[in-house]
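Enquirer: Please find one structure pasted underneath; my questions will follow.
What follows draws every value from the coordinates through simple rules; no lab data is involved. If you're wondering where the values come from, they're calculated on a predicted model, not measured in any experiment. Virtual Cβ from ideal backbone geometry, glycine too; neighbours counted across all protein chains shown.
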Amino acid sequence: MKPLNKLSIISGLTIMGLFSLCFQSSTVQAQDNSGKLITRTEIDKKYTWNLDEVYANAELWEKDFKWVEDNLANYKQFEGKLGLSADELLKALKFDDEISIRAGRLFLYASLAKDLDLSNTVNSSRSDKISSLWTRMGTVSAFMHPEILSIPDAKIAEFLEKSDGLKLYKQQLDDLFRTKKHALSKEQEELLALSSDMARTPHNTFGFFDNAEAQFPTVKDPQGNDIEISHGRYGAALYSADRDYRERVYMGYYKPFKDYKNTITSLFNGNLNVTTFYAKARKYNSAREAALDANNIPVSVYDNLVKTVDENLKPLHRWVKIKKRVLGYKEMHMYDMYVTLFPGVDKEYSYESGRKVVIEALKPMGQNYITDLKTSFDSRWVDVYETKGKRSGAYSNDAYGAHPFVLLNWNNQLNDVFTLAHEMGHNMHSFYTQQAQPYPYGHYSIFVAEVASTANEALLLDYLIEHAQSKDEKLSLLEKYVSNIVLTFYRQTGFAEFEQNVHDKAEKGEPLSSDKLCGIYRELVQRYYGPDMIIDDEETYTWIRVPHFYTSFYVYQYATGLAASQALVTGIKEEGTPAVERYLSFLKAGSSDYPINVLKKAGVDMNSPEPVLQVIKKMNKLLNQMEKLLDEK
């Protein structure tokens, strides 16, 4: 009955880390003396996952798989009977939970095992097998939502009054029934379901172009060698100290998007039409309202974010001016925004030393949090080093009834320490949620998914800045903090404002050519970055290359998540224990209430400008510290 999001796979690469975490130097710990990637057998077990805690062996996995597979037919016994009595409805919900819990555990084990060695065909086959079973589960249980919604409200209220067992599901049922007015007849729902593959065409086609078919030009690197531009090389080049190289790559990177601007504009407009169609079909006032309603987020939260940021763009203008002055440029371009002003101190961090730094930085969370954090470190919840065949990147993954697992690819860099803090935020959020909540509420909304992770990063940055051993190191950390805010908060809010603008125009039937869209984006980015920023023609095509725009009204959550975490961290540092207790209650809440209410109970009202202003105040404070240090140099 519930969607796949109860399997909590949280990526460690938030927007703030898209550049800094992706472009690290070659691996250190994962190489032998020949430079080859080492195998898992060459690593101390304490740095690897203990998957035996999920399933002790493959036979037990197969046994559980067969149990789920054999029991799928038992869904049929409940079809047509959910409205007969409270007992029948309760039996069906409990049965669905039992199936889903086991399937979630199966999915977790298969996914983790696969990611440890992507070349292992046995693990890949197991992963495909459970994915197929999950699809079948969705098919045989598809009757449940429509059938429950067909039960009169008064009858559901009567069921809840009579059945103590059913009371457990009250929030889940409330969440289902609040969208009842947007549910359609069985025949109409079937038509919408049939249209889903067709509706994914813009998203899928853009993905093919962006990831496989876009032909990027060749440019000279700083050493004079010819290199073909790619997404990865573009991101890395923006950090290069060679300005001419940055410009060459920047200009070249946009070429395929400009060459195919009309084709991609058609895909972009097609996606706008898809979201508008589904919103109208389900009787929403707008595509934005429909998207936000999935998590019961009021449109006012979105409006509050955009309005408050629009009224407080001066810190971003100030940052552009500082960069321009320190770099000594007459003109500032967007390809200058990522190059570091302060290289800082070249430090290496072993995993052990990184752990110690994270533990020290997170001590404001209280002793219980630190104890549980150490338990996760000492109990093989983290798979640390890159090995041959292992999935790249970082994430936290869990299923109900199993502790969270964190994947890393440690490379002895400062960024690895931040990745660890980030993923342990997800880890602790999932751990506390499962400890406190029954299965129906043992996961949390995507709206709050990045709050705990970015709160940990904020505490880590504050700690490192406070303990910096030189002006250069402190300036480097201050710059990192400011850059995080620019990428995660300002840039994503700008994207959110652009989305709102173009959807509004599309819903009014206004034609949106590539020139029109570029004009809208140019005005926005000029307003955001201020008069010291030169907006090149290439920059106006940024909207054309953002894959998140094909998942409409998603990116605003990066900014709201950072705002919420900043407000929570400020409270923790200023109030101490009372704020810590509110924060831990937030981590334990899961989906027992709507995400906007969960945050409000923790002391953060996302309908209010205050959390958004907290980020802006923090940025000004960081810039003040930076300018003071610069004046002293």
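Enquirer: Which of the chymotrypsin sites (Phe, Trp or Tyr not before Pro) found in the range 547-633 are in a DSSP loop and have at most 16 neighbouring Cβ atoms, other than their own, within 10 Å? Let's see the in-between values first.
Expert: On the way: sites: Phe549, Tyr550, Phe553, Tyr554, Tyr556, Tyr558, Tyr583, Phe586; in loops: Phe553, Tyr554.
The qualifying sites are Tyr554.
Enquirer: At 7 Å along the Cα-to-beta-carbon direction for both Glu53 and Lys283, put a label point, then send me their distance in nm to one decimal.
Expert: 4.8 nm
Enquirer: Antiparallel as a % of all DSSP beta bridges within the chain, to the nearest 5? Intermediate values should be presented prior to the final figure.
Expert: Values: 12 of 17 bridges.
Of those bridges, close to 70 percent are antiparallel.
Enquirer: Could you tell me the relative contact order of the range 488-592? Use alpha-carbon pairs under 8 Å, at least six residues apart, and round to a whole percent.
Expert: With pairs under 8 Å counted, the relative contact order is 34 percent.
Enquirer: Taking R0 as 22 Å, what's the FRET efficiency between Gln469 and Ile359 from their Cβ-Cβ distance, rounded to 0.05?
Expert: 0.70
Enquirer: Scan the range 295-387 for GluC sites (Glu not before Pro) in coil per DSSP, keeping those whose Cβ has at most 16 other Cβ atoms within 10 Å, and list them by number. Show your work: numbers first, answer last.
Expert: On the way: sites: Glu311, Glu331, Glu348, Glu352, Glu360, Glu386; in loops: Glu311, Glu331, Glu348, Glu386.
Answer in residue order: Glu311, Glu331, Glu348.
Enquirer: For the chain, what is the mean residue ellipticity at 222 nm derived from helices alone (per DSSP H run of n ≥ 4: -39500 (n - 2.57); sum divided by total residues; nearest 500 deg cm²/dmol)? Each step should come with its number before you reach the end.
Expert: Values: 27 runs with 360 residues, N = 633.
Value at 222 nm, helices only: -18000 deg cm²/dmol.
Enquirer: Using the number of other C-beta atoms within 10 angstrom as an exposure proxy, rank Trp319, Trp381 with the fewest first.
Expert: Listing Trp319, Trp381 from fewest to most nearby Cβ atoms yields Trp381, Trp319.
Enquirer: For Glu450, Glu510, which order do you get if you count the other beta carbons within 10 Å of each Cβ and list the fewest first?
Expert: Values: Glu450 27, Glu510 10.
In order of increasing Cβ crowding within 10 Å: Glu510, Glu450.
Enquirer: Can you give me the distance in nm between label points at Leu512 and Ser266, each placed 7 Å from the Cα along the Cα-to-Cβ direction?
Expert: 1.7 nm
Enquirer: Quick check: residue separation of Thr139 and Ile227 times 0.36 nm, minus the Cα distance between them. What number comes out in nm? Write out the running numbers ahead of the final one.
Expert: Numbers: separation 88, 0.36 × 88 = 31.68 nm, distance 4.84 nm.
Value of the extension gain: 26.8 nm.
Enquirer: In the range 69-154, which trypsin sites (Lys or Arg not before Pro) are in a loop and have at most 15 other Cβ atoms within 10 Å, using DSSP for the loop call?
Expert: Passing sites in the range 69-154 are Lys81.
Enquirer: Per residue of the range 264-273, what does 6.51 cos²θ - 1.76 cosθ + 1.60 with θ = phi - 60° give for ³J(HN,Hα)? Whole Hz please, x for Gly and Pro, Karplus curve as stated.
Expert: Coupling constants for the range 264-273: 5, 4, 5, 5, 4, 5, x, 5, 4, 5 Hz.
Enquirer: Taking amide H positions as placed 1.01 Å from N in the peptide plane, with prolines and chain starts having none, which residues 5 or more places from Val382, or on another chain, fall under 5 Å of its amide H?
Expert: Residues meeting the criterion, in which the H sits 1.01 Å from N, are Val406.
Enquirer: Anything over 31 Å Cα to Cα? Flag those among Lys307/Lys601; Lys307/Lys516; Lys471/Lys601, in the order listed. Each step should come with its number before you reach the end.
Expert: Values: Lys307/Lys601 24 Å; Lys307/Lys516 23 Å; Lys471/Lys601 40 Å.
From Lys307/Lys601; Lys307/Lys516; Lys471/Lys601, over 31 Å: Lys471/Lys601.
Enquirer: Can you give the three extents of the C-alpha atoms in the range 51-183 along their principal axes, from longest to shortest, in whole Å?
Expert: Each principal axis gives a Cα extent; for the range 51-183 these are 55, 28, 24 Å.
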